[in-house]
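Have a look at the structure below, then the notes.
The values are calculated or read from the model by the stated rules, or taken from the named source; none is laboratory data. Not measured: the values here are computed from a predicted model. Don't worry about glycine lacking a Cβ; one is built from the backbone with ideal geometry, like all the others, and counts go over all protein chains shown.
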Amino acid sequence: MRLLIVGTLEGYITAAGKIAMKRGAKVSHTDSIEGALNALRSATGADLVMIDVKLDIAAFIDSLKAERITIPVVACGIGTDAAAAVRAIRAGAKEYLPLPPNAELIAAVLEAVAEESHSIVCSDPAMMATLRLADQVAPSDASVMVTGESGTGKELMARYIHRKSRRSNEPFVAVNCAAIPENLLESELFGHEKGAFTGAVARRLGKFEEANGGTLLLDELSEMHPRLQAKLLRAIQEKEIDRIGSSQPVKVNVRLIATSNRNLEAEVRAGNFREDLYFRLNVFSVAIPSLRERPADIPLIAEHFLKKYAEANGLGDKRLTEDALLMLKAHHWRGNVRELENTMHRAVLLSRGEEVGPEAIMLTSQMLAPEGSAQASIPANSPVANPFAGPGGTVPVASAPTAPAAPAQPTQPLVVAPPAALPTSYGPKGAKGPGYGNGNSTLQALIGRTVADVERDLILETLTHCLGNRTHAANILGISIRTLRNKLKQYGDEGRAVPAPGNDERATA
Ligand SMILES: Nc1ncnc2c1ncn2[C@@H]1O[C@H](COP(=O)(O)OP(=O)(O)OP(=O)(O)O)[C@@H](O)[C@H]1O
């Protein structure tokens, strides 16, 4: 995790830097916005910027946008200066950290940005076999293709392979090919020269150069446009890249790991993905089983996230009851580990006291469970049926509360507090739901609304549920990321509030 501090932080640079270094961050400093832009354009880069609130944050963020640099910015200022904090957040800062620096707040920000707990929790034989294969593959320099359904832990696996490789002390850089529009992805990967396009006010190095000596993860590679696939193939074959606007190739030494949650072989057959590139990248293939195929991992991962979110929210020890565990085991985990993670995050916030029972388990994708699946067979009046369910025993997908995002108010850390009161539709057993659970009443409730209206609500609610993550929302909705983006642009143009992109859609890991 590389932290770039910009400005004097009101005289607290050393204190803030020391705290961050203690938490394992590599810290660099620059006095000015121009210095920060130069650092971000260079190979040293950064994963997070902490900037003095007295600097022109709006201008800084505008420059980042113009230069297509994606990085979270946290403003820091004397705690009592609420007006400056509000200005910074409005300008696009992700958070405001009050000074003097507080070790816990800085740690929370670093943790939230870096998601530094990258350990793979597992005990199921299916996943253990996959890990053994990854252990064998890791030490070589061969390209690896990591496949698996959405949310199974492909990126986590890529990090694991990097950690176990000879390159572990070198950078691990991730690029989400689906989250970045095609015209930006090229400069993100290969960099650009000054003047290469409008807004390219200086040379910027791309992710290939940033990852030099280390590992480059091409996440969701199947989404890459064929034109870029050709350029990528050349980079792999020649071990050199061309920055946009340059005629001087640059040598790079990068190990590539690619992920895809689509069947790439089928994409090759359909002519959407280059066969030669597929074979270049697929020297080794590591297929991650879905959570449904490794049931023994469910209790372990559930406990892991229970502990993680209880700690992050300062809620003391929490423990799953037998009923809650039964409910988790019976669920059809369509969203895989990410869905389980979100469920446990909510459970931590909804539970009172040490025990986490079924009343705190909100399974948001119950309505999507296929007929005849374990989940579909749980009767509404069963002790393990969802207590938040509507009359039909299912949960309103579209309106289920999400794990709250980091609040935008000044002086708030990224950790979240338990909700003061839950909306009645999510209340305890017996509380009236809005009736989504009953198939007929669901449909009846929609009569009178236009298809476009219903579609918009579904898209925005799903996006909120995914904490703004476009890729995951598109997967759940079953539409392409481009269609989703177009729809969101349309809603934004119509004046609707569109959730901001999620943290994990940053271009760098
Ligand atoms: N075995 C595991 N142990 C602990 N956490 C896990 C495990 N597998 C996945 N996770 C967590 O689940 C979330 C999703 O994992 P990750 O992003 O690696 O999945 P993915 O398959 O790359 O997702 P996508 O298909 O959406 O890109 C992350 O927060 C990750 O830390």
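In segment 208-241, how many are assigned to a loop (DSSP other than H, G, I, E, B), within 14 Å of N183 (Cα to Cα) and of a type in the set (A, V, I, L, M, F, W, C)? Spell out the reasoning first.
The initial filter retains those residues of segment 208-241 that are assigned to a loop (DSSP other than H, G, I, E, B), namely 211-214, 220, 224-225, 239.
If we keep only those that are within 14 Å of N183 (Cα to Cα) as well, we get 224-225.
With the extra rule that they be of a type in the set (A, V, I, L, M, F, W, C), the set shrinks to 224.
Of the residues in segment 208-241, 1 are assigned to a loop (DSSP other than H, G, I, E, B), within 14 Å of N183 (Cα to Cα) and of a type in the set (A, V, I, L, M, F, W, C).
Restricting attention to segment 153-168, and to residues there that are aliphatic (A, V, I, L, M) and over 11 Å from D135 (Cα atoms), which single residue is farthest from the ligand (Cβ to nearest atom)?
So the first thing to find is which residues in segment 153-168 are aliphatic (A, V, I, L, M), and the list is 156-158, 161.
Filter once more, so that each one left must be over 11 Å from D135 (Cα atoms): 156, 158.
On the way: L156: 4, A158: 8 Å.
By that ranking, first place goes to A158.
Look through segment 333-347, keep the residues that are more than 10 Å from the ligand (Cβ to nearest atom) and under 14 Å from I476 (Cα atoms), and return whichever of them is surrounded by the most Cβ atoms within 10 Å (Cβ to Cβ).
The residue in question is W333.
Run down D141, D135 and say which single residue is touching a residue at least 24 places away in the same chain (Cβ under 8 Å), in a loop (DSSP other than H, G, I, E, B) and acidic (D, E). Explain how you work it out, then say what you get.
Values: D135 fails: in a loop (DSSP other than H, G, I, E, B).
Only one candidate qualifies: D141.
With respect to L184, is the statement that it is buried (at least 23 other Cβ atoms within 10 Å of the Cβ) and either in a helix (DSSP H, G or I) or of a type outside the set (S, T, N, Q) (or both) true?
Numbers: buried (at least 23 other Cβ atoms within 10 Å of the Cβ): no; either in a helix (DSSP H, G or I) or of a type outside the set (S, T, N, Q) (or both): yes.
Against the criterion (buried (at least 23 other Cβ atoms within 10 Å of the Cβ) and either in a helix (DSSP H, G or I) or of a type outside the set (S, T, N, Q) (or both)), L184 does not qualify.
With respect to F279, determine if the residue is within 18 Å of L156 (Cα to Cα) and assigned to a helix (DSSP H, G or I). Walk me through how you get there before you give the answer.
Values: within 18 Å of L156 (Cα to Cα): no; assigned to a helix (DSSP H, G or I): yes.
For F279, the condition - within 18 Å of L156 (Cα to Cα) and assigned to a helix (DSSP H, G or I) - is not met.
Would you mind stating whether N253 is at pLDDT 95 or above and either surrounded by fewer than 17 Cβ atoms within 10 Å (Cβ to Cβ) or over 27 Å from the mean Cα position of the chain (by Cα) (or both)? So that I can check it myself, show each step before the final result.
Numbers: at pLDDT 95 or above: yes; either surrounded by fewer than 17 Cβ atoms within 10 Å (Cβ to Cβ) or over 27 Å from the mean Cα position of the chain (by Cα) (or both): yes.
Taking the combined requirement at face value, the residue satisfies it.
Given the criteria of a type outside the set (K, R) and either in the same structural domain as F284 (by TED's automatic domain parsing) or within 16 Å of the ligand (Cβ to nearest atom) (or both), does V109 qualify? Lay out the reasoning, then the answer.
Details: of a type outside the set (K, R): yes; either in the same structural domain as F284 (by TED's automatic domain parsing) or within 16 Å of the ligand (Cβ to nearest atom) (or both): no.
Answer is no for this residue.
Determine which member of the set D242, D219 is free of Cβ contacts under 8 Å to residues at least 60 places away in the same chain, within 23 Å of A46 (Cα to Cα) and acidic (D, E). Lay out the reasoning, then the answer.
Values: D219 fails: free of Cβ contacts under 8 Å to residues at least 60 places away in the same chain.
After ruling out the rest, the residue left standing is D242.
Of all residues being of a type in the set (G, A, S) and modelled with pLDDT of 80 or more in segment 38-53, which is nearest to A211 (Cα to Cα)? Just the residue, please. Don't jump to the end; show me each part of the working.
Within segment 38-53, the subset of a type in the set (G, A, S) is 39, 42-43, 45-46.
Now narrow it down to the ones that are modelled with pLDDT of 80 or more: 39, 46.
Values: A39: 15, A46: 12 Å.
Looking at the filtered set, the residue picked out is A46.
Looking only at segment 54-110, which residues are at pLDDT 90 or above, more than 22 Å from the chain's Cα centre (by Cα) and hydrophobic (A, V, I, L, M, F, W, C)?
L55, I57, A58, A59, F60, C76
Given (1) closer than 15 Å to L216 by Cα; (2) more than 16 Å from the ligand (Cβ to nearest atom); (3) modelled with pLDDT of 85 or more; (4) not small (G, A, S), identify the lone condition not met by K194.
Here K194 clears every test but (1).
Which condition number in (1) touching a residue at least 60 places away in the same chain (Cβ under 8 Å); (2) within 16 Å of the ligand (Cβ to nearest atom); (3) not acidic (D, E) is the one that H118 fails?
Condition not satisfied by H118: (1).
Considering only residues that are within 15 Å of the ligand (Cβ to nearest atom) and touching a Lys or Arg at 6+ places or on another chain (Cβ under 6 Å), look in segment 289-312 and name the one that is nearest to A129 (Cα to Cα).
Step by step, filter segment 289-312, then rank; the result is I298.
For P171, indicate whether it is farther than 30 Å from W333 by Cα and more than 16 Å from the ligand (Cβ to nearest atom). Give the derivation first.
Values: farther than 30 Å from W333 by Cα: yes; more than 16 Å from the ligand (Cβ to nearest atom): yes.
Yes; evaluated as a whole, the condition is true for this residue.
Quickly run through segment 252-276 and pick out the residues that are part of a loop (DSSP other than H, G, I, E, B) and within 16 Å of the ligand (Cβ to nearest atom).
Pass one, segment 252-276, residues part of a loop (DSSP other than H, G, I, E, B): 252-254, 261-263, 270-274.
N261, R262, N263, listed by residue number.
If a residue must be acidic (D, E) and buried (at least 19 other Cβ atoms within 10 Å of the Cβ), how many such residues does segment 276-306 contain? Before you say what the answer is, go through the steps one by one.
Residues of segment 276-306 that are acidic (D, E), as a first pass: 276, 293, 297, 303.
Those still in the list that are buried (at least 19 other Cβ atoms within 10 Å of the Cβ) too: 297.
Number of matching residues: 1.
Take V348 and tell me if it is β-branched (V, I, T), in a helix (DSSP H, G or I) and closer than 21 Å to A107 by Cβ. So that I can check it myself, show each step before the final result.
Working: β-branched (V, I, T): yes; in a helix (DSSP H, G or I): yes; closer than 21 Å to A107 by Cβ: yes.
Taking the combined requirement at face value, the residue satisfies it.
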